[in-house]
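**Student:** My questions all concern the structure below.
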Amino acid sequence: MYTLMGVTGKVGGATARALLAEGKRPRVIVRDRAKSESWAAQGCEIAIADLDDAGTLARAFEDAEAAFVMLPPLFDPSPDWREAKAMIATLRAALTRGAPKRVVALSTIGADAERSNLLSQLGLLERALSTIAMPVAFLRAAWFMENAAFDLASARDRGVIASYLQPLDRAVPMIATADIGNTIADLLQQQWSDTRIVELEAAERVSPAAIAAAFSKALGKPVRAEAVPRDQWETIFREQGMRNPLPRMHMIDGFNEGWIDFADKGANARKGSVSIDAVIAAMVEGTTTA
């Protein structure tokens, strides 16, 4: 039995679909039973649990051959990371009590960055889970290609996407969530005895200009990328409702300046197969990449 968190989101959902395609019937964790119906119809076992209750989460991990765990995205954290720290403490306690045989945890490129930024939350996760009793694999995934969904309306309506990644021709590590799900499904079925770090990015790195070109191809109309000036970021983010935009700004700086990148180019570095063109095309069509 494989227990999965996050199945109502893109990564957990992609992982569940990958396991189902292999004939596995995972146990999926949901907060709301109403959101479990489609998974139950596909033969999944349902566990109702949440990151605010270590007890119910521990029961979901019991008797699992392996468990996939993740933190929900938190784009506007408190300066002291209190929200992430609380969820990490609950997750660690639940894993300790539930004792799955192995754990695969979604981490990120930049989890090991020395400079504080939005991705430092996953560095905290790695440090907390690296000392639990069972073997753990941390999947450090690149920038999600699906983040381009925020640009779909502007690309379609105005033929422009606003880019915080810059310069516009600078390619950075990205990955499709379908590739993340496939990789997690593979890791869950592997055997190992220590703490592992696996790095995952697409076969080719992606620039904002390439994202615009992918939108242009999918929409059948010209689309261009425009760089958002750095001195406007904080104002824009605060106008969007963020209280603490600096971690997000520092994360983007890390990609733009190159201090957020992958370190391991060896056996633990993996490449995905889904391209930015395929992700954007599916986004425009309202479908999901496989």
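**Student:** Can you give the longest stretch of the chain with no exposed loop site, where a site means chymotrypsin sites (Phe, Trp or Tyr not before Pro) in a DSSP loop (not H, G, I, E or B) with at most 15 other C-beta atoms within 10 Å?
**Tutor:** The answer is 76-191.
**Student:** State the three equivalent ellipsoid semi-axes of the stretch 1-87, derived from the C-alpha gyration tensor as the square roots of 5 times its eigenvalues, in descending order and whole Å.
**Tutor:** Gyration-tensor ellipsoid for the stretch 1-87: 24, 14, 12 Å.
**Student:** Can I ask one more? Give the long-range amide H neighbours of Glu45: residues separated by 5 or more places, or on another chain, with amide H under 5 Å away, using H modelled in the peptide plane at 1.01 Å from N.
**Tutor:** Arg27, Val28
**Student:** Hey, rough spin-label estimate for Lys217 and Gln190, points 7 angstrom out along Cα→Cβ, what's it come to in nanometres?
**Tutor:** 3.0
**Student:** So, one more: What whole number of Å gives the distance from the Cα centroid of the stretch 224-275 to the Cα centroid of the stretch 172-217?
**Tutor:** A separation of 16 Å, based on Cα centres.
**Student:** I would also like to ask the following. Any aspartates and glutamates with Cα under 16 Å of the Lys271 Cα? List them, leaving off those in the same chain fewer than 8 positions away.
**Tutor:** Output for Lys271: Asp179, Asp186, Glu199, Glu201, Glu204, Asp261.
**Student:** Straight-line reach from Lys10: which lysines fall under 17 Å, measuring Cα to Cα and dropping same-chain residues less than 8 apart?
**Tutor:** Of all the lysines, those that pass the test against Lys10 - Cα under 17 Å, at least 8 places apart if same chain - are Lys35.
**Student:** Would you mind telling me which residue in Thr108, Thr177, Thr56 has the biggest mean-square fluctuation in a Gaussian network model of the chain, where springs connect alpha carbons within a distance under 10 angstrom?
**Tutor:** Its mean-square fluctuation being the largest, the pick is Thr56.
**Student:** Can you tell me, using C-alpha contacts under 8 Å and at least 6 residues apart, the relative contact order of the stretch 83-223 as a whole percent?
**Tutor:** On the way: 188 pairs, mean separation 37.4, N = 141.
Relative contact order, the stretch 83-223: 27 percent.
**Student:** Expressed as an acute angle from 0 to 90° and rounded to the nearest 10, what is the orientation of the C-alpha long axis of helix 177-188 relative to the principal long axis of the chain?
**Tutor:** With rounding to tens, the tilt is 20 degrees.
**Student:** Another question, if that's okay. Tell me the volume per residue, in Å³, of the convex hull enclosing the alpha carbons of the stretch 53-127.
**Tutor:** Normalising the Cα hull of the stretch 53-127 by residue number yields 86 Å³.
**Student:** Report the per residue volume, in Å³, of the convex hull enclosing the C-alpha atoms of the stretch 215-290.
**Tutor:** Details: hull volume 12.8 nm³, N = 76.
Spelled out: Cα convex hull of the stretch 215-290, divided by residues, is 169 Å³.
**Student:** In the stretch 49-136, what GluC sites (Glu not before Pro) fall in a loop by DSSP, with at most 11 other Cβ atoms inside 10 Å? Please list the in-between numbers first.
**Tutor:** On the way: sites: Glu62, Glu65, Glu83, Glu114, Glu126; in loops: Glu62, Glu65, Glu114.
Hits after loop and neighbour filter: Glu114.
**Student:** What base-10 log of the normalised intensity I(q)/I(0) is obtained for the stretch 115-262 from the Debye formula, alpha carbons as equal point scatterers, at q = 0.09, 0.15, 0.16, 0.17 Å⁻¹?
**Tutor:** The calculated log intensity ratios at q = 0.09, 0.15, 0.16, 0.17 Å⁻¹ are -0.35, -0.90, -0.99, -1.08.
**Student:** Can I ask one more? Return one number: the angle in degrees, 0 to 90 and rounded to the nearest 10, between the long axis of the Cα atoms of helix 208-219 and the longest principal axis of the Cα atoms of the chain.
**Tutor:** So the inclination is approximately 90 degrees.
Just so you know, all these numbers are worked out from the coordinates, no wet-lab data involved. Remember, predicted model here, so these are calculated numbers, not experimental data. Cβ: placed from backbone, ideal geometry, glycine included. Neighbour counts: every protein chain shown.
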